[in-house]
Amino acid sequence: MSTPQHQFIIVDRPRENVSRITLNRPENRNALNNGLRGELYATLEENDRNPDVRVTIIRGAGKAFCAGYDLKSNNSEDQPFHTAGGDGNWSRHVVDGFLRVWDLGKPVIAQVHGYCLAGGTELATSCDLVYVAEDAQIGYPVVRSMSPPDNQFFPWLLGMRNAMEMMLTGTAISGIEAAEYGFANRAYPEAELESAVLEVAERVAKVPPDLQQINKRAVHRQMDAMGIRAAIRTGTEIQALAFHTKSTQAHFKELAAGLTDALTKRDGKFGDYRTEEDNSKGDT
């Protein structure tokens, strides 16, 4: 059951030592506003301090895991933690959030179904393990009209060629492709996804937390040595630079005039995302 202070998420305990966070804005495809983000980070950090929790699952309510950041809200206001202001504040803030999850002592698992777009992909990749529905749609359509990602993890996980194709087209990949390319650990039929994730969570929870946090760091330190933190930090400046282009400035005006029309115009020539089906509520 959701506790009173949770407006945007539901927290439950589906198994012993397993906490599960459900993003609960299904009418907006679980788009990430700062209220939801604040509740999410606070709960993850509470779980990291709670001796009765050994692993956390993040999933989405309704038809999608997460369709990105909420473009209907002012994401510069009420940010859940401080990030230095100035040009590029939002992209740096997003990366700060990614690293808050990355640096938790206890493992976090993403359970992805439906749309996993833009900021939703960033949330999933901040997790230690990612399991997806075979028919999930994972993409970053923002490259078509606004900027490259706030968090440029794609080359690290998918390799240069697959990352380049996604960046130059904005086309989504399926859950099966996500597992083949390295975005996810495995893909399952959607009907089997929840039980598969719970089985993995139970296995992860069998390892003592004092040892598990060292196991996590053993992998992360290798990624750090290869430069992942510095590279992703550098990507925030590239993303901020894109906001000054004429094309992006024009798109901002279109968004201000009407979110649905602007995003439909963006994707209409490609015939996907919201133009493939009625997905007019809450994506990025």
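The values are calculated or read from the model by the stated rules, or taken from the named source; none is laboratory data. Please read these numbers as outputs of a predicted model, since none were measured by experiment. Here the Cβ positions follow ideal geometry from the backbone for every residue, glycine too, while neighbour counts run over all protein chains shown.
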Can you give me the number of residues within region 110-125 that are without any contact (Cβ under 8 Å) to a residue 60 or more places away in the chain and surrounded by fewer than 24 Cβ atoms within 10 Å (Cβ to Cβ)?
1
Consider region 229-252. How many of its residues are under 23 Å from the mean Cα position of the chain (by Cα) and assigned to a loop (DSSP other than H, G, I, E, B)?
1
Any residue at all in region 47-67 that is part of a helix (DSSP H, G or I), over 23 Å from residue 230 (Cα atoms), of a type in the set (D, E, K, R) and more than 16 Å from the chain's Cα centre (by Cα)?
yes
Considering each of 264, 248, 275 in turn, give the residue that is modelled with pLDDT under 90 and hydroxyl-bearing (Ser, Thr, Tyr).
275
Within region 88-95, is even one residue under 22 Å from residue 229 (Cα atoms), aliphatic (A, V, I, L, M), touching a Lys or Arg at 6+ places or on another chain (Cβ under 9 Å) and part of a helix (DSSP H, G or I)?
yes
Of everything in region 182-193 that's hydrophobic (A, V, I, L, M, F, W, C) and farther than 15 Å from residue 158 by Cβ, which residue is surrounded by the most Cβ atoms within 10 Å (Cβ to Cβ)?
193
Filter result (of a type in the set (Gly, Ala, Ser), touching a residue at least 24 places away in the same chain (Cβ under 8 Å) and over 17 Å from residue 114 (Cβ atoms)) within region 29-83
35, 38, 42, 73
With respect to residue 105, determine if the residue is over 16 Å from the mean Cα position of the chain (by Cα), in a loop (DSSP other than H, G, I, E, B) and without any contact (Cβ under 8 Å) to a residue 60 or more places away in the chain.
no
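Could you list, in sequence order, all residues of region 171-181 that are crowded, with 21+ Cβ neighbours inside 10 Å and over 16 Å from the mean Cα position of the chain (by Cα)?
First, pick out the residues of region 171-181 that are crowded, with 21+ Cβ neighbours inside 10 Å: 172-173, 175, 178.
Once the filter is applied, which keeps residues that are crowded, with 21+ Cβ neighbours inside 10 Å and over 16 Å from the mean Cα position of the chain (by Cα), region 171-181 yields nothing.
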